[in-house]
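Structure first, commentary second.
Values quoted throughout were computed directly from the atomic coordinates according to the rules given, and no laboratory measurement underlies them. Treat the numbers as computed from the prediction; the structure is a model and nothing was measured. Cβ atoms come from the backbone with ideal geometry, glycine included; neighbour counts cover every protein chain shown.
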Ligand code: PBG
C-alpha cells in the first residue's frame, strides 16, 4: 500500500473535524438489512420469560410471536432465527423431538409463513442439541458424537423444516459432510430454492454459555463439544471448512462467535467470494448488556461492537440487539 503525502501537508484530522465531513468519508455503515433477529420459543400461553444471563432477551410462547414479527418487518429486519427451549420431558438421547412435526419450531414456522408469506425470511438451526437429554448436537456412542448417523437425522430435520416453510436451513452441528447430504436431499424432495446457511466455522467456545441457558441445555450438557466444534487456536482449518461447505452447496457461511473472531471473517472474505454472516453470540451479548446495566460502560459500546463486524467484511450479523435497532443505529 502506498502512503501519499506527509505532514504538515497532510493532516488526517482535517477530515475528522466536522460531522458532515466524517459522514462524507465514512467507509462502513449499518442498516437494519444487516441483521438477523434470534427468537427463543417456549411452550405455553401468554409467556414472556426473562433469561437470567441475557438482560432484555426473553423466551416467548407462540401466541406472543406476531407482535415480534410485526415489529421486525416494520424495522426492515430481513430474517428471524428460531430457537426452541424444549420441555425437559420431551428430550431424549436421540433428540427425536427434532423430527416431531408439532414441535415448537415447526409450529412457529407455519404461523409466521401463513400470516407473513415472504415479507420476512425464516432461518432455523439444524442440530439436535435443543432436543437431546445430554445437550450434544448429535447422537452419542461411548461418549463420542457419531458423525454419519447424526447426519442421517439432520437430513430428516432439514426436510421437515423445509416442508414447514423454513427459508434458510442453518446446520449448526459441525458434523462432517452434512451440507452436501442435506443439499442433495432437499433437491430430491423438491426444495431446490431452500437456502443453506452453513455454520461452517463454529468454534468450541465458552461464549455460548448464556444460549445454553436459554434453550435449557446448559445444566444437562455432559463434557464439552471439542470433538466436533473447532479449536480456537486454528484459522487455516477454518478455510478448509468453508471450502468444503461451498463445494457441498452452502449459499452462505457463518462465523461464530463474532467479535473475538473478526480475523476469521476477514480471512474468509479475502479467500472466498461468498456471503459471510457473523454471529454476535450470547456470551458477547451478555458481557455488553451486563456491563451497560451496571454502568461500567456506555450503551454506545453496542454500535461500536456491531460496526466492527461490517468493517471486517461481514454481510450480516445475528444479534440479540436486532429487536432494538431503532435506538442503537440512531
Ligand atoms: C446449537 C447452537 C449454539 C448456538 C447456536 N446454535 C450453542 C452450542 O453450540 O452449544 C450458540 C448461540 C449463542 O451463544 O448465542 N447448535
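Distance from the Cα centroid of region 159-211 to that of region 90-105 is 16 Å (rounded to whole angstrom). Distance between the modelled labels on residue 270 and residue 49, one decimal in nanometres: 4.5 nm (7 Å Cα→Cβ projection). If the segment from residue 188 to residue 287 were pulled out straight at 0.36 nm per residue, it would be longer than the present Cα-Cα gap by 31.3 nm.
Legend: ranking of residues 16, 212 from fewest to most surrounding C-beta atoms inside 10 Å; resulting order 16, 212. Given R0 = 35 Å, the distance between the Cβ atoms of residue 102 and residue 23 translates into a calculated FRET efficiency of 0.10. Considering only 156, 271, 75, the mean-square fluctuation computed in a Gaussian network model of the chain, springs between alpha carbons under 10 angstrom, is largest for 271.
Over region 31-328, consider all pairs of different Cα atoms and compute the Kirkwood hydrodynamic radius from their mean reciprocal separation; express it in Å, one decimal.
After inverting the mean inverse Cα-Cα distance, the result is 19.1 Å.
The C-alpha atoms of the chain define a longest principal axis, and helix 104-116 lies at about 60 degrees to it.
Can you order the peptides 33-40, 22-29, 275-282 by their average number of other Cβ atoms within 10 Å per residue, highest first? Working shown, then result.
Working: 33-40: 22.5, 22-29: 9.1, 275-282: 25.4.
The packing order, highest mean first, is 275-282, 33-40, 22-29.
For the chain, the longest principal axis of the Cα atoms and the long axis of helix 236-248 meet at an angle of about 60 degrees. Potential lengthening of the chain between residue 142 and residue 114 amounts to 5.8 nm, from the contour at 0.36 nm per residue minus the alpha-carbon distance. Computed from label points 7 Å out along Cα-Cβ, the spacing between residue 6 and residue 231 is 4.6 nm.
Please arrange 65, 197 by how many other C-beta atoms lie within 10 Å of their C-beta, fewest to most. Don't jump to the answer; show the numbers that get you there.
On the way: 65 19, 197 28.
By the 10 Å Cβ count, ascending, the order reads 65, 197.
Working from Cα positions, state the angle (0 to 90°, nearest 10) between the long axis of helix 262-271 and the longest principal axis of the chain. That helix lies at roughly 90 degrees to the long axis. Extension gain for residue 31-residue 296 works out to 92.7 nm (0.36 nm per residue, less the C-alpha to C-alpha distance).
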